[in-house]
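Shown next, in structure tokens, is the structure this report addresses.
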Amino acid sequence: MKRETWMLKRFVPLGIALVLVGYWGPWVNHKTAALVLSGLDMAEFVKFLPGVRAGTEFVIRELFYLPPLAAALCLALIGSSRLWRYPLWARAIMVIVAIVLAIVVLPPYPFILQALSSDEFGRQFSMAAGCLAVIAASLLYRRLPRAVVAGLLIIVSFAGAIPPLWQFFSIRSALDRVYGQPIHIGWGLWLTVAGFLVVAGAGVWKLEVGGWRLEVRGWRLEVRRRKGHRPSDHPTNSLDHGLIP
């Protein structure tokens, strides 16, 4: 059990590190450095696609901001939860990095001054501000049950990986036309997804170590304790938790 806990404590930071390296790595690769696009670049670049400007191409550019925001939420979650037992200095670093990641997503000055009333930056500002609010309230979920913490890690990881991946491939043909040739998908995109899979895997492992299992029932994803397993956490962990209604 000690060895499993030791490994779990390192899996999530490792996954987040992969996510951040991948996000700021190349998502669109090109021999000309100026034409290389990172995940952060994608959120701005898609605004200038001819189809997007003409209104014929559907793009939710804010989806490209989900990886750093999801990474920030995961760091805040494990940094504040008592279940992971990180030392104080490690928890402080996690919270600081989470805050920085959320700030990175905020619209630049001076656009941030009128972001809420802006069609271009309104959703971007709301997402970053909401993430900062959740981080600020991290002490409130310090005692969340193991099943909830692990389930949130899994959900947030998928939210950080799947929507940006979908949006990227939905505009791939538009990118091909702009570049005048089929684009070369960079390693950064795949590393970002792989990092979130590591984090989600740690969440699943945390459930297994605690004697829980995931069940899909209709449209519900439920976390239930395995029969015959004695709960090791506080009493609220003996309850079933439906994570997605």
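The values are calculated or read from the model by the stated rules, or taken from the named source; none is laboratory data. Note that the coordinates shown come from a computational prediction; the quantities given were computed from them, not determined experimentally. Here the Cβ positions follow ideal geometry from the backbone for every residue, glycine too, while neighbour counts run over all protein chains shown.
Rundown of residues vs (1) under 30 Å from PRO182 (Cβ atoms); (2) surrounded by 15 or more Cβ atoms within 10 Å (Cβ to Cβ); (3) modelled with pLDDT of 90 or more; (4) among the polar types (S, T, N, Q), yes/no style:
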residue: TRP6; (1), (2), (3), (4): no, no, no, no
residue: LEU20; (1), (2), (3), (4): yes, yes, yes, no
residue: THR32; (1), (2), (3), (4): yes, no, no, yes
residue: SER38; (1), (2), (3), (4): yes, yes, yes, yes
residue: MET42; (1), (2), (3), (4): yes, yes, yes, no
residue: PHE64; (1), (2), (3), (4): yes, yes, yes, no
residue: CYS74; (1), (2), (3), (4): no, yes, yes, no
residue: LEU88; (1), (2), (3), (4): no, no, no, no
Worksheet item: Does segment 196-210 contain any residue that is at pLDDT below 50, farther than 20 Å from MET127 by Cβ and either surrounded by 14 or more Cβ atoms within 10 Å (Cβ to Cβ) or touching a strand residue (DSSP E or B) at 6+ places or on another chain (Cβ under 8 Å) (or both)?
Response: yes
Worksheet item: Only one of (1) within 19 Å of ILE162 (Cβ to Cβ); (2) in contact with a Leu (Cβ under 8 Å, 6 or more places away or on another chain) fails for TRP84. Which number is that?
Response: (1)
Worksheet entry | Subset of segment 161-192 (residues that are surrounded by 20 or more Cβ atoms within 10 Å (Cβ to Cβ) and either at pLDDT below 90 or over 24 Å from LYS31 (Cβ atoms) (or both)) | ALA161, PRO164, GLN167
Worksheet item: Is it the case that PHE158 is farther than 22 Å from ILE96 by Cα, within 21 Å of the chain's Cα centre (by Cα) and either basic (Lys, Arg) or surrounded by 13 or more Cβ atoms within 10 Å (Cβ to Cβ) (or both)?
Response: yes
Worksheet entry | Subset of segment 116-142 (residues that are more than 15 Å from the chain's Cα centre (by Cα), surrounded by 15 or more Cβ atoms within 10 Å (Cβ to Cβ) and within 12 Å of LEU77 (Cα to Cα)) | SER138, TYR141
Item to complete: Would you check if there is a residue in segment 18-29 being over 22 Å from the mean Cα position of the chain (by Cα) and of a type outside the set (Val, Ile, Thr)?
Response: yes
Practice prompt. Given the conditions (1) over 26 Å from GLY203 (Cα atoms); (2) modelled with pLDDT under 90; (3) not acidic (Asp, Glu), report the number of the one that SER81 does not fulfil.
Written response: (1)
